[in-house]
Amino acid sequence: MQEGVDPFFFTWTAQNQAAPIEIVSGEGACFTTSDGARWLDLGSMVWNANLGHGHPGMKRAMVAAAERNLLAQPSSVFPEKVEAARRLLAVAPPGLRDGKVFLCLSGAEANENAIKMARLFTGRRKVVYRSRSYHGATLGMLSFSGDARRKPFDPGLPDGICWDDHYSATPDLEPLLRAGDVAAVLLEGIVGPNGVYVPPRGYYQEIRRTCDRHGTLFIADEVLSGFGRTGRWFAVDHDGVSPDLLTCAKGLTAGYAPGGAVIASGKVAHHFDDHVLSCGLTTYGHPLTCAAIVGAIDAYEREGLIERAARLGAWLEPRIRKLGRDVRGLGLLWAIEFEPARTQQVAAELRRRHVHAFKREGMLFLAPPLVIDEPTLEEALSIVGDALDAT
Ligand code: PLP
């Protein structure tokens, strides 16, 4: 092992350009690193720490689950697994509440399994995805993402249809479905890492109607936009629409354990009553995942965090819009655009001020934990404003 070099890979970066930090403690929207610096977490770690750092209820839930020392295999049934699925169905969009939950460990896995279910259900193979989209880093999900990060692996899996959507109130999806060979349309509730594009009201109702006309399933990828991020449980709730399959991860366990899930409507779920569900994982329904799901849903409900995100989002909107000319978002999910040439500098200025937030070519994303308070948000806006002014 090379002296002074971390013996593991850093992701999405050349290894000698990684910028590691060691978090030693945290509370709410702030964390402390080993050098004693206090950081503002405006990215909710990887858009997943919706409950913030050091959440007492989550700590209790995880300790209790670890102390039970339960080993389980995919066909095991235990109270936390039943409760995790029940609680998830209870907060799902209404059309999914008569359905079933498939458990996994990540967002990419959730999407992969949703697509497999859609193919098994419809007997079709094709999948429509947006030209601006990200659905995960596996080979399969990169093949059905419009993200530039798919390039080294192109052409990827066959049967993807890239849709150049412009988020208009009358989405032009019909021509892609007319041949009747599309199993599923896979759409993020709100486009996340590719720019936070908020569709107009009525958009998902139109998607729903178009899919229904052609026997195509609608999969809503709520991995990033779920669990209060946009001020509702799920982004499709803004439109009062239920997809056929909803995928989630990130806020599902709020970062306290690996976790992902597919919620299938009753119609899709019952298909598998007498057809084999050719999906599975060794760690399907792991006890720690189930405990984290129950703990997180408990916290969202008890602390009124979904309503809080909506309230804070309304407070934030006029203030954040002052930080740039092109600012998009909803609830506690925002993107600020600037000239791409400034990206490195913006990143350096934010780091210097101990602000954790995602940056991509010409874009800064702000997505703080839902537990953040107004004074901390005020502080965050002022620091981000200074960092942008300094570049
Ligand atoms: N879908 C969306 C919309 C995402 O933003 C992400 C991750 O950022 C994923 C899927 C993949 O999730 P994971 O990294 O847990 O596989």
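The values are calculated or read from the model by the stated rules, or taken from the named source; none is laboratory data. Worth saying up front: this structure is predicted, and the values here are computed from it rather than measured. Cβ sites come from the backbone with ideal geometry, for glycine too, and all protein chains shown count toward neighbours.
Just a few scattered comments:
- Looking only at the range 227-263, and only at residues there that are of a type in the set (A, V, I, L, M), within 16 Å of the ligand (Cβ to nearest atom) and in a loop (DSSP other than H, G, I, E, B), the one that is nearest to Gly107 (Cα to Cα): Ala249
- Qualifying residues in the range 111-158 (those that are part of a loop (DSSP other than H, G, I, E, B) and aliphatic (A, V, I, L, M)) - the one surrounded by the fewest Cβ atoms within 10 Å (Cβ to Cβ): Leu157
- In the range 189-221, the residues that are among the hydrophobic types (A, V, I, L, M, F, W, C) and either within 15 Å of the ligand (Cβ to nearest atom) or within 21 Å of Leu330 (Cβ to Cβ) (or both): Ile190, Val191, Val196, Val198, Ile207, Phe218, Ile219, Ala220
- Single residue of the range 293-350 satisfying the filter (of a type in the set (A, V, I, L, M) and outside any helix (DSSP H, G or I)) that is nearest to Pro56 (Cα to Cα): Leu332
- Test: residue in the range 75-82 that is among the aliphatic types (A, V, I, L, M) and within 16 Å of the ligand (Cβ to nearest atom): no
- Enumeration of residues in the range 159-188 that are under 23 Å from the mean Cα position of the chain (by Cα), under 22 Å from Leu139 (Cα atoms) and part of a loop (DSSP other than H, G, I, E, B): Asp164
- Some residue of the range 94-103 being within 19 Å of Val294 (Cα to Cα), in a helix (DSSP H, G or I) and either more than 21 Å from the chain's Cα centre (by Cα) or at pLDDT 95 or above (or both): yes
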